1. For the stretch 2-29, which residues satisfy the criterion of being out of contact with any Gly (no Cβ under 7 Å at 6 or more places or on another chain) and of a type in the set (Val, Ile, Thr)?
2. Is it true that residue 274 is touching a residue at least 12 places away in the same chain (Cβ under 8 Å) and either open to solvent by 50 Å² or more (accessible area, probe 1.4 Å) or touching a helix residue (DSSP H, G or I) at 6+ places or on another chain (Cβ under 6 Å) (or both)?
3. Restrict the check to the stretch 53-64 and report whether at least one residue is in a strand (DSSP E or B) and either modelled with pLDDT of 80 or more or under 13 Å from residue 105 (Cβ atoms) (or both).
4. If you take just the strands (runs of 3 or more DSSP E) that sit entirely in the stretch 266-329, which of them hold at least 3 residues that are within 28 Å of the chain's Cα centre (by Cα) and within 21 Å of residue 226 (Cα to Cα)?
5. Scan the stretch 280-312 for residues that are buried (at least 16 other Cβ atoms within 10 Å of the Cβ) and among the hydrophobic types (A, V, I, L, M, F, W, C) and jot them down.
Amino acid sequence: MFAAVAEEVGALFDADTTVIVRFEPGGEATLMGRAGCISLEPGARRKLDERAAQTPVRETGRSVRFDMDDPASPTVPASARAEGIRSAVDVPISVEGRIWGAIGVGSRGRRFPADTEHRLLEYTDLIAQAIANAEARSELAQTRARLVATADATRRRIERDLHDGAQQRLVSLGLQVRAAQSAFGAELDGIAAGLTEALDDLREIARGIHPAILAEGGLVPALKALARRSSVPVELNIRTSVRLPEPLEVSAYYVVAEGLTNVAKHARASVATVTVEVVDEQVRVSVRDDGTGGATFTGSGLVGLKQRVEMLGGRISLDSPPGAGTILQAELPLTVADDGIGTGSA
């Protein structure tokens, strides 16, 4: 966007150079977009000193104009003179009440018309609106990712509490019952069996809330465990060997878990294929089966899964023509950061 705006402004004002900078903490500025005869590349960051054209803009929040042929004009900054600039105009870009940066045009020959500042300010309103919209989208995406991470942390804490509390208590009671069986015989057999079943049920619930193997070993062993438990044979194609950010691993796991659950319940398939790979800065997860097809995004499982993926900035699709099997596929941006939410201890 910045490059396109710089080109457009440069052409409109017949400028030899156009720059858009973002002011950074510590008196620095980052070049966001440029056009014309300027040697710096976008992304370059430098200190703003008294010789920089944008310094008075940052300090005063007002436009500034430099003309070498006007004795009343401030001296053209050394950095601009080095580029052969004889006339320059820089105006502030304000975003939601704060000075975000500046846009400037420079000429090696003619002096800019008197209304250049005013006309250039009209462009800053458009730039500011675009920046505000982009920042709002970025903040929304970060908030969604933090909500997902917080929910995962809660699931993991519940799983740990169940393991350390209720499960251990049931195990202890089971051992006591088995020790008492020698004295009371078959009278306690039913109680012992009931405790064992209750413990198995609790372990299954805890595993569904947040599988411990995922936190301990990562996505690969967790998916292998899912495949072993599946009532339908599963072929695993895991084409990444590195640990992914935790929100991505958890989301990929739930995509596969939901997909295999639906295959077992509804597809009447003979085999399911799970693929996990990193393609074009995205983690791509798919569950494919050769069953009856006809699946749709209904039911709390798939709907919740769709919401999770979209909250992380990804997308999910379901291709399930009748009689031709089903492909559940999710694409998650690799840029989702593991910011520490959900990785700390309770």
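1. 9
2. yes
3. yes
4. 272-279, 282-289
5. If the condition is that a residue be buried (at least 16 other Cβ atoms within 10 Å of the Cβ) and among the hydrophobic types (A, V, I, L, M, F, W, C), then 283, 285, 287, 295, 302, 305, 309, 311, 312 are the ones that fit.
The values are calculated or read from the model by the stated rules, or taken from the named source; none is laboratory data. Quick caveat, the model's predicted, so the values are computed rather than measured. No Cβ is skipped: glycine too gets one built from the backbone with ideal geometry, and neighbour counts run over all protein chains shown. Side chains included, ligands, DNA and RNA excluded: accessible areas come from the protein's heavy atoms. Shrake-Rupley method; radii C 1.70, N 1.55, O 1.52, S 1.80 Å.
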